[in-house]
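*Asks:* Quick one: this structure, given as structure tokens, is what I'll be asking you about.
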Amino acid sequence: MSESDDQNNQPEAQPAEPTTPPPSPEPEPSSGGNEPGSEERTWALFAHLSALIGFVIPFGNLIGPLIVWQVKKNEMPFVDEQGKEALNFQITVTLAAIVCFILMFVLIGVFLIFVVGIAALVLTIIAGIKANNGEHYQYPLTWRIIS
């Protein structure tokens, strides 16, 4: 008897049937509940990421979140909260950048402006991701002027 004959005589294993049905997709939470809906999360993402315009347009980091917040604050509570948070952070970043420009006369400002820029970029992206996931994000080291 050859080796291939031994393989042909063995019974085939039956695949195991699933014991539980697959989970059904959960409905999207509406904006009326505790969790923000999909549209609300998207607008909150825009409120944070619109600040990246500031890398191209002077003071765009303030204008972008301000516009999104002003347009959607009365309709969507989550966007109102995250828009204020984004705007407060961008005001803080702008003030820090002004201080860095002043400190460029003593050379430390050259280093600090890069630190502020990289921190603003990274924290803005993190905030956008968190807002898109429906999490209530607060930036660290932010002067909260708008409440």
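The values are calculated or read from the model by the stated rules, or taken from the named source; none is laboratory data. For clarity, every value in this text was computed on a predicted model and none was experimentally measured. In this analysis, Cβ positions are derived from the backbone assuming ideal geometry, glycine residues included, and neighbour counts consider all displayed protein chains.
*Asks:* Any idea how many residues of region 35-75 are part of a loop (DSSP other than H, G, I, E, B) and more than 21 Å from residue 126 (Cβ to Cβ)?
*Replies:* Filtering region 35-75 for residues part of a loop (DSSP other than H, G, I, E, B) gives 35-37, 56-59, 73-75.
Subsequent filtering for residues that are more than 21 Å from residue 126 (Cβ to Cβ) retains 37, 57-59, 73-75.
Total meeting the criteria: 7.
*Asks:* Still on this structure: Do we have any residue at all in region 17-31 that's at pLDDT below 95, loosely packed, with under 15 Cβ neighbours inside 10 Å, under 27 Å from residue 136 (Cβ atoms) and small (Gly, Ala, Ser)?
*Replies:* yes
Quick grid of which residues meet (1) without any contact (Cβ under 8 Å) to a residue 24 or more places away in the chain; (2) crowded, with 24+ Cβ neighbours inside 10 Å:
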site: 44; (1), (2): no, yes
site: 52; (1), (2): no, no
site: 65; (1), (2): no, yes
site: 74; (1), (2): yes, no
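*Asks:* Further question on the same structure: Looking at 75, 39, 85, which one is among the acidic types (Asp, Glu) and within 17 Å of residue 140 (Cβ to Cβ)?
*Replies:* Going through 75, 39, 85 in turn, the sole match is 85.
*Asks:* Taking the residues in region 130-147 that are touching a residue at least 12 places away in the same chain (Cβ under 8 Å) and outside any loop (DSSP other than H, G, I, E, B) as candidates, determine which candidate is surrounded by the most Cβ atoms within 10 Å (Cβ to Cβ).
*Replies:* Going residue by residue through region 130-147, those that are touching a residue at least 12 places away in the same chain (Cβ under 8 Å) are 131-134, 136-147.
Next cut, outside any loop (DSSP other than H, G, I, E, B) only: 131-132.
Values: 131: 29, 132: 17.
Restricting to residues being touching a residue at least 12 places away in the same chain (Cβ under 8 Å) and outside any loop (DSSP other than H, G, I, E, B), the top hit is 131.
*Asks:* If residue 89 passes every condition in (1) surrounded by fewer than 15 Cβ atoms within 10 Å (Cβ to Cβ); (2) of a type outside the set (Ser, Thr, Tyr); (3) in contact (Cβ under 8 Å) with a residue 40 or more places away in the chain; (4) part of a helix (DSSP H, G or I) but one, which one does it miss?
*Replies:* If we test residue 89 against (1) surrounded by fewer than 15 Cβ atoms within 10 Å (Cβ to Cβ); (2) of a type outside the set (Ser, Thr, Tyr); (3) in contact (Cβ under 8 Å) with a residue 40 or more places away in the chain; (4) part of a helix (DSSP H, G or I), just (1) comes out false.
*Asks:* Among the residues of region 72-106, count how many are under 14 Å from residue 43 (Cβ atoms) and polar (S, T, N, Q).
*Replies:* Of the residues in region 72-106, 2 are under 14 Å from residue 43 (Cβ atoms) and polar (S, T, N, Q).
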